[in-house]
Every structure is written in structure tokens, then in C-alpha cells.
Amino acid sequence: MEQKYLIFIGLIIGSMIIGACTFFAILYRPSFPVDNFLKTPIQQKSVNHEAAVCGAKDITTVTKVIDGDTVVVDGGYHVRLLGIDADEKNYPCYQAAKSRLETLVLGKQVTLQKDITDVDRYGRCLRALFLQTQNINVELAKEGLVVARFYPPDVLYQDEIIGAEKIAMENTAGCKWNQKVVN
């Protein structure tokens, strides 16, 4: 009888060792998405952008507008528009820029154009956004809803965006350059 218990205990211990080995083999395999359940939400925000790759297709549909310079496209990929900077929530031009971007592209098929950097430190795809032949990044600057902001080496359409911003400033267009505009 004692031998049966020893065999049974041996099987249990052996199973635990095999289970533990399997768990750690999976856990430390590079392609396993361990970060999703081991890191806290704050730590998940920052990704190794040099190793990250944008999975969004070049021609896609905008499914959501986050703010005046960030959209979500098919597949759930976040896209940060290059060369512009829109106000964040609770700042004066936030709603105007977001609403205009929604009007222009929400639910529509767009083309994404990459410059040098594929994704930013938050894992967002960095792209110029086109609706047919209209450069939306330039359009938002021209309407005075965003400011030009470039981070080399990503300077795609820099001259066009800066030129559009200059025209908006001269014409006191939009909430960025017209103090009378109310959101």
C-alpha cells in the first residue's frame, strides 16, 4: 500500500515539474504577449517603438477619431497624424479639431503615408492621412485647428503644413488663431 502512495506522489510531483517547465517556457518565449497581463496599465502605455511595427494597411477606413491628430483605423490601429499637434481634452481647440477631423474622415476610406519612423513610443502608427488626394494634415493646419509640429527625421510635408499654418495665422482662421472662435 505504501508503494502505491509513493508512485501517486511521484506522479503528482512529476506533473507539477512538467507543468512549471511548460509555463516558464511559454512565459519567456519572445513572441508570447506576456506584457499584456504582467505589466500595469501605466507601464503598457510606453512600448519599444524601435521594435514595434505598424500593422495598419496603407488604404484603410477610419473607425474612430480620438482627437484632432489621432484616429483609429480598421484593425484597431491608432494613427497619429504627422506634422501637426492638436489640443488635448479640456484645452480650447480640442472639440473643434476633433469634430472637424470626424467630419472629414470618420467612416471613410483613407490612405496612410509613412515617413521615416513607423510608430511612436505609445505604439501609434505615424502617418500623413489622405482622403482621396486631400492631405488632411495640411487641411487641419490651413483651417487653424492645429499647429505645425515636427520631430525630425519625420518632416514629410513640412513645407506644406508650415505654409498652411502661416495662411491660417494671417487670416486669423480657426480656434488657434481667432480668439473670437468659441468651441
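Bear in mind these aren't lab numbers, they're just calculated from the coordinates by the rules spelled out. All figures in this text were calculated on a predicted structure; none of them were measured in a lab. Here the Cβ is made from the backbone with ideal geometry for all residues, glycine too, and neighbour counts use every protein chain on show.
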Exercise. How much net charge surrounds THR61 when only the other residues with a Cβ under 15 Å from the Cβ of THR61 are counted, with Lys and Arg +1 and Asp and Glu -1?
Worked result: +1
Seminar exercise, completed: The answer for VAL65, listing residues at least 5 apart or on another chain whose modeled amide H is closer than 5 Å to its amide H, is VAL72
Seminar exercise, completed: The exposure ranking of SER99, SER15, fewest beta-carbon neighbours within 10 Å first, is SER15, SER99
For this session: Using the number of other C-beta atoms within 10 angstrom as an exposure proxy, rank GLU160, GLU139, GLU170 with the fewest first.
Result: GLU170, GLU160, GLU139
Exercise. What number comes out for the charge environment of LEU106, summing +1 per Lys or Arg and -1 per Asp or Glu over other residues with Cβ under 14 Å away?
Worked result: +1
Exercise. Taking neighbour counts of Cβ atoms within 10 Å as a proxy for exposure, in what order, fewest first, do PHE150, PHE8 appear?
Worked result: PHE8, PHE150
Problem set entry | Partners for LYS98 among lysines (Cα-Cα distance below 19 Å; same-chain residues under 8 apart left out) | LYS64, LYS89, LYS108, LYS142, LYS176, LYS180
Exercise. Between VAL155 and THR103, what is the spin-label point distance in nm, taking each point 7 Å from the Cα along the Cα→C-beta axis?
Worked result: 3.3
Problem set entry | Around GLU165: net Lys/Arg minus Asp/Glu count, Cβ-Cβ under 12 Å | -2
